[in-house]
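Contents: one structure, followed by commentary.
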Amino acid sequence: MAGLGLPLHLATLLTGLLECLCFAGVLFGWPSLVFVFKKEHYFEKLCEPDAGLIGNATEQADCKVQDERFSLIFTIASFMNNFMTFPSGYVFDRFKTTVARLIAIFFYTTATLIIAFTSAGSAVLLFLAMPLLSVGGILFLITNLQIGNLFGQHRSTIITLYNGAFDSSSAVFLIIKLLYEKGISLRASFIFLSVCSTWHVARTFLLMPRGHIPYPLPPNYSYGLCSGNGTTKEEKETAEQENRELQSKEFLSAKEETPGAGQQQEARSFWSYAFSRRFAWHLVWLSMIQLWHYLFIGTLNSLLTNMAREDKELVSSYTNAFAFTQFGVLVAPWNGMLMDRLKQKYQKEARKTGSSTSVVALCSTVPSLALTSLLSLGFVLCASVPVLPLQYLTFILQVISRSFLYGSNAAFLTVAFPLEHFGKLFGLVMALSAVVSLLQFPIFTLIKGPLQNDPLYVNVMLLLAILLTFVHPFLVYRECRAWKESPSAIA
């Protein structure tokens, strides 16, 4: 194992990156796919007679009912993408990596096959296919995030890198759109994605652990190809017990660390963390920013159609521009490197003062959380201005802020709470934020109906919601200040 350790780790890292980059988050390339669906006349029968007829050579005007159907599909799919993360996290924690990945492969393959064999007459099947696709994708992400544990002090960078790759996979639907315009059918593209499931299966058994990748990584840890050659079962159980004890100590507050050794070993329950103020404000932070992102992505086709005054060529051009900017994998590692650098800086201070490592890690998240809120604020402001060329800047801010959002979310949960509860807490925060994301459909209906395509009032409300997210990094900053002034003040 000693000889194969690093090459195996790198192979696992790179194939996981490829998996997240090409498959996990394709749902967020929805605007590109909507353009193709409209070309294929999906839900066009619901339009009014003057909104265009199937087979008519003239360009179809904006159809409110058709747009509402596509918005509803994305609302349900994005809801399931988040809400099912909680049971998915439980499955991952309870049944380990192999079972979780096999479920992901089943969902993903089923979804791609359904989309491959749908047509305008069976477009309603998209209500089943897209949620399955999103749940399969999020399971791929969850099982890959643990790979960061293989790389020690670069863990936050790896986690944010994977989240960036997840965001970037939305470009897959752009590739499908471009292939469609070159004559490659939608069916052929999705059958190809279905066939790729054989690669997912091979990676599951050859390059991934049967259980979980522990952190810190024990000596001679083995998995995948080398799982038969490393530590014995008894040694693994001993290492896992030591890791659990280490994590329990590491994430105890400074106040809890001061009493005797018996109390030091006492770990808090999952629900005590789930009902904490820290988790509650993190939920508000994630939910508000995510709601705006989902609303923007789900209604982008309709937004561009209105701004371009129903010029289909212009809409196609801006849709391509949006998809081309969706390479968050190039941006997300900046966030992780920022957190890792700050963590190392605070750790040096902690060694001098003998302070809690948990608070040190927590302090390193403050700039990342605040910067994410700031980027999201700029994104909202640009998107609220109905000037088409300005949307290029909007697209750039959107992908940067979204990459920071999910990277910061995952990284914050790993350092602010015990690792043994990560899967459940990650799932819970995503599930609860999913409930908030359901507001995107009534908001879209409000804009299309009573507001008559004027989103000004909605944008003002969303701007205020984004401003509220600055409370979260401020409160975390206060915790850090309280720790520096009086370590016993942290509860």
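The values are calculated or read from the model by the stated rules, or taken from the named source; none is laboratory data. Note that the structure is a prediction, hence the values are computed from the model and not measured. Here the Cβ positions follow ideal geometry from the backbone for every residue, glycine too, while neighbour counts run over all protein chains shown. The protein model used for the area step is the full one, side chains on, heavy atoms only, and it has no ligands, DNA or RNA in it. Shrake-Rupley method; radii C 1.70, N 1.55, O 1.52, S 1.80 Å.
Some notes on this structure:
- Qualifying residue in the stretch 398-405 (condition: touching a residue at least 24 places away in the same chain (Cβ under 8 Å), in contact with a Phe, Trp or Tyr (Cβ under 6 Å, 6 or more places away or on another chain) and in a helix (DSSP H, G or I)): yes
- The single condition among (1) touching a Gly at 6+ places or on another chain (Cβ under 7 Å); (2) open to solvent by 10 Å² or more (accessible area, probe 1.4 Å); (3) of a type outside the set (Lys, Arg) that residue 407 does not satisfy is (2).
- Failed condition for residue 190, given (1) within 24 Å of residue 15 (Cα to Cα); (2) assigned to a loop (DSSP other than H, G, I, E, B); (3) modelled with pLDDT of 90 or more: (2)
- A search for C-beta distances below 7 Å between a residue of the stretch 196-211 that is farther than 18 Å from residue 141 by Cβ and any residue that is outside any helix (DSSP H, G or I), counting only pairs 6+ apart in sequence or on different chains, returns 210/227.
- Hey, residue 143 over 17 Å from residue 21 (Cα atoms), outside the structural domain of residue 413 (by the TED database) and open to solvent by less than 10 Å² (accessible area, probe 1.4 Å) or not: no
- For the stretch 194-226, a residue qualifies if it is charged (D, E, K, R) and surrounded by 17 or more Cβ atoms within 10 Å (Cβ to Cβ), and exactly one does: 203.
One line per residue, one yes/no per condition, for (1) under 18 Å from the mean Cα position of the chain (by Cα); (2) farther than 30 Å from residue 47 by Cβ:
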| site | (1), (2) |
| --- | --- |
| 87 | yes, yes |
| 96 | no, yes |
| 122 | no, no |
| 132 | yes, no |
| 139 | yes, yes |
| 160 | yes, yes |
| 165 | yes, yes |
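- Just one residue in the set 390, 419 is without any contact (Cβ under 8 Å) to a residue 24 or more places away in the chain, farther than 20 Å from residue 134 by Cα and open to solvent by 10 Å² or more (accessible area, probe 1.4 Å); that residue is 390.
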